[in-house]
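The values are calculated or read from the model by the stated rules, or taken from the named source; none is laboratory data. Please read all numbers here as calculations on a predicted model, not as lab measurements. Positions of Cβ are generated from backbone atoms using ideal geometry, with glycine treated the same way; all protein chains shown enter the neighbour counts.
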Amino acid sequence: MPVTVRGNSFEGAVHFQKKRIRKSFGSKVEAENWVIHTKSAIASGQPMEAMTVQGTKTWADLLESTYQRHWKDAKSGDTLYRNGEAVVKFFGSTNPLVEPIPEQIDTFILNLEGKGNSNGTVNRKLAALSKMLRFALERKWISDMPKLERKREPKGRIRWLTYDEEETLVAKFRELERNDMADLIIILIDTGMRVGEALHLQWKDINNGLISVWENKSDNPRSIPMTGRVKELLEARQTKGFDKPFSPVKQTTFNHVWQYVRGLLGLADDTQYVPHCLRHTCASRMVQAGVPLLTVKEFLGHKAIQMTMRYAHLAPQNLSDAVMKLEARNNNKGEG
């Protein structure tokens, strides 16, 4: 790649009509992208003026506009914005906005993989790029939408807690005098709520033996019946005068303490041992107890049954019943 370091800047260079065209950038990636795009433009016969004139919109403009229009009020707005920042960092915040050519997208993916990003993480960045470019196309800031092929994401195992693991986990949090978080763990297991859903609960959302979740990932409000221990814990917490059931708990702190406890339990290498496994634990226990998948779907607030089907293999009785029916048919056939 014809990029040269010039002090604190990086210089890209291409040849056009027997002339050497050079341009300086703040990063190597920006310089490489400019070289790739300019060479492509030359090969397609675009006039040099079109290659060098700065556009009225930059990649930074696109990120800010996409954020304000689509991501600002989204529940995961901060995460979406960070993914967009990764896109802008690669393509250059001050670079003029042009639709990326395939070679640039390939380089973007290789750059992410080189940093150790998983296929899932790469796909989240590509999703941000796609959303941004779709927004730009609708505004006629670009003339074409490039094809973005997502990487295949392997289906990871579903990690849930055994009853012994739950007891050990809760005991360790209480030992560290993190009783608010210990209560949260129990309630997450028995309700299947996401951590964010539980932390956003108001006291008015708890009534007549039900917990009402109004804001969630799937925009599908639901009411969750309380188990005896959930009801007991929440009643005890209300007597403490908290503004909200879990007002003393901050999600970042909870995640930090969870990581610390995971290490204390010798599970640092178990990458699936994360707070979300508490939700998996709720679903897994229901399925293994014979609760129909459609009921589990409604309980967890899944938007599509496909999400719930991940737990289908945990209902061994269904498979045993199927084998018994096959055996009965085979025996009857033999008798005939």
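Couple of notes before you dig in:
Here is a yes/no grid of residues against (1) modelled with pLDDT of 95 or more; (2) closer than 19 Å to Arg262 by Cβ:
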{"position": "Arg159", "(1), (2)": "no, yes"}
{"position": "Glu166", "(1), (2)": "yes, yes"}
{"position": "Ala171", "(1), (2)": "yes, yes"}
{"position": "Arg174", "(1), (2)": "yes, yes"}
{"position": "Glu177", "(1), (2)": "yes, yes"}
{"position": "Asp180", "(1), (2)": "yes, yes"}
{"position": "Ile186", "(1), (2)": "yes, yes"}
{"position": "Asp190", "(1), (2)": "yes, no"}
{"position": "Val195", "(1), (2)": "no, yes"}
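- Close Cβ contacts (under 9 Å, 6 or more residues apart or on different chains) running from residues in the range 67-84 that are among the aliphatic types (A, V, I, L, M) to residues that are exposed (fewer than 13 other Cβ atoms within 10 Å of the Cβ) and assigned to a helix (DSSP H, G or I) are absent.
- Cross-chain or 6+ apart pairs with Cβ under 8 Å, the range 102-124 first and of a type outside the set (Gly, Ala, Ser) and surrounded by 15 or more Cβ atoms within 10 Å (Cβ to Cβ), then modelled with pLDDT under 85 and part of a helix (DSSP H, G or I): Gln104/Asn33; Gln104/Ile36; Gln104/His37; Thr107/Glu32; Thr107/Asn33; Thr107/Ile36; Asn111/Val29
- Counting only helices (runs of 4 or more DSSP H) that sit completely within the range 193-308, those holding 1 or more residues that are touching an Asp or Glu at 6+ places or on another chain (Cβ under 6 Å), in the same structural domain as Leu176 (by TED's automatic domain parsing) and touching a residue at least 12 places away in the same chain (Cβ under 8 Å) correspond to 228-238.
Residues checked against (1) under 22 Å from the mean Cα position of the chain (by Cα); (2) at pLDDT below 95; (3) more than 16 Å from Glu166 (Cβ to Cβ):
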residue: Val213; (1), (2), (3): yes, yes, yes
residue: Lys231; (1), (2), (3): no, no, yes
residue: Phe242; (1), (2), (3): no, yes, yes
residue: Thr271; (1), (2), (3): yes, yes, yes
residue: Pro292; (1), (2), (3): no, yes, yes
residue: Thr295; (1), (2), (3): no, yes, yes
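- Checked against (1) within 30 Å of Thr253 (Cβ to Cβ); (2) in contact (Cβ under 8 Å) with a residue 12 or more places away in the chain; (3) small (Gly, Ala, Ser); (4) out of contact with any Lys or Arg (no Cβ under 6 Å at 6 or more places or on another chain), Ala171 meets all criteria but (2).
- Checklist (1) within 20 Å of Ala171 (Cα to Cα); (2) charged (D, E, K, R); (3) surrounded by 15 or more Cβ atoms within 10 Å (Cβ to Cβ) applied to Lys297, failing item: (1)
- Qualifying residue in the range 300-323 (condition: in contact with a strand residue (DSSP E or B) (Cβ under 7 Å, 6 or more places away or on another chain), surrounded by 11 or more Cβ atoms within 10 Å (Cβ to Cβ) and at pLDDT 65 or above): yes
- Among the residues listed as Leu161, Leu176, the single one being out of contact with any strand residue (DSSP E or B) (no Cβ under 8 Å at 6 or more places or on another chain) and either crowded, with 18+ Cβ neighbours inside 10 Å or closer than 25 Å to Trp71 by Cα (or both): Leu161
- Lys151 closer than 20 Å to Thr253 by Cβ and in contact (Cβ under 8 Å) with a residue 40 or more places away in the chain: no
- Test set (1) out of contact with any His (no Cβ under 8 Å at 6 or more places or on another chain); (2) crowded, with 20+ Cβ neighbours inside 10 Å - Lys231 fails condition number: (2)
- Qualifying residue in the range 148-155 (condition: under 25 Å from the mean Cα position of the chain (by Cα) and modelled with pLDDT of 95 or more): no
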